[in-house]
Amino acid sequence: MTAKTLLYVDDDEVLRERLSRAFVARGLSVLAAPSVDEACEHLDSASPDLALVDLKMPGKSGLELLKEIRIRSPKTKSIVLTGYGSIANAVEAMQLGALNYVTKPADADQILEAFEQAPTRTAGTDSDQLKRPSLAETEWNHIQQVLADCDGNVTHAARILDIPRRTLQRKLKKRAP
């Protein structure tokens, strides 16, 4: 059985090298690239099983790469990794084919878990059609991630999300278990 291949695209050299080593240690074969253009070269020579795409890069963005992955390697499962998390970016990335969205800082285990939690193909549908989370689910997941990153500090999380604190409190109360 061959190892799954991961295409990892990030302009941050230190992070790219560190995460690449961590993925190799977890049994993946890694194709690393610092830009969309180099990633496309990898897509032309290989069809990776997985793709981890940084959203903000100099030149072409990760969103443009998601379009290329969908065209050149439609069976590749893609996840967006970014330090610039916003609900609008998450929704756009998912519309372009990303299965999940991870905010930096993230370690290899969190990223691999995001691939495992990605939506699965639904039975009885076109093989390329995926069960996608709704906008409300995406927003809720993003809020929970930011809140966790802020150690539960609602005021700080609201500042990062760029929404009023009271609005965030209402959203949290509305979906409280």
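The values are calculated or read from the model by the stated rules, or taken from the named source; none is laboratory data. Since the model is a prediction, treat every value here as computed from it, not as a measurement. As a convention, Cβ positions derive from the backbone with ideal geometry for all residues, glycine included, and neighbour counts pool all protein chains shown.
Can you pull out every residue in region 27-53 that is within 19 Å of E113 (Cβ to Cβ) and either surrounded by 14 or more Cβ atoms within 10 Å (Cβ to Cβ) or of a type in the set (A, V, I, L, M) (or both)?
Within region 27-53, L28, V30, P48, D49, L50, A51, L52, V53 meet the criteria.
Residues checked against (1) at pLDDT 85 or above; (2) assigned to a loop (DSSP other than H, G, I, E, B); (3) closer than 27 Å to D149 by Cα:
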| site | (1), (2), (3) |
| --- | --- |
| A3 | no, yes, no |
| V24 | yes, no, yes |
| L31 | yes, no, no |
| E41 | yes, no, no |
| L52 | yes, no, yes |
| M57 | no, yes, yes |
| R70 | yes, no, no |
| I79 | yes, no, yes |
| E92 | no, no, yes |
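Which pairs turn up if I take residues in region 147-169 that are under 22 Å from P105 (Cβ atoms) and look for partners that are exposed (fewer than 12 other Cβ atoms within 10 Å of the Cβ) with beta carbon separation below 7 Å, at least 6 apart in sequence or on another chain?
A158/P164
Would you mind finding the one in D162, D109 that is loosely packed, with under 12 Cβ neighbours inside 10 Å, within 30 Å of K4 (Cα to Cα) and at pLDDT 85 or above?
When all the criteria are applied, what remains is D109.
Pull out all pairs, ordered by first then second residue, where Cβ-Cβ is under 6 Å, the residues are six or more apart or on different chains, the first lies in region 1-27 and is farther than 14 Å from D49 by Cα, and the second is among the basic types (K, R).
D10/R16
Looking at region 29-58, I want the residues that are over 12 Å from D10 (Cβ atoms) and free of Cβ contacts under 8 Å to residues at least 40 places away in the same chain and have a partner that is of a type in the set (D, E) and part of a helix (DSSP H, G or I) with Cβ atoms under 9 Å, at least 6 apart or on another chain. Which pairs are those?
As it stands, the answer is C40/E68; L43/E68, since those pairs meet every condition given.
Report, by residue number, each residue of region 94-106 that is in a helix (DSSP H, G or I) and either surrounded by fewer than 19 Cβ atoms within 10 Å (Cβ to Cβ) or modelled with pLDDT of 80 or more (or both).
Q95
Which count do you get for residues in region 56-66 that are in contact with a Leu (Cβ under 8 Å, 6 or more places away or on another chain) and either exposed (fewer than 15 other Cβ atoms within 10 Å of the Cβ) or under 19 Å from Q117 (Cβ atoms) (or both)?
Residues meeting the conditions: 1.
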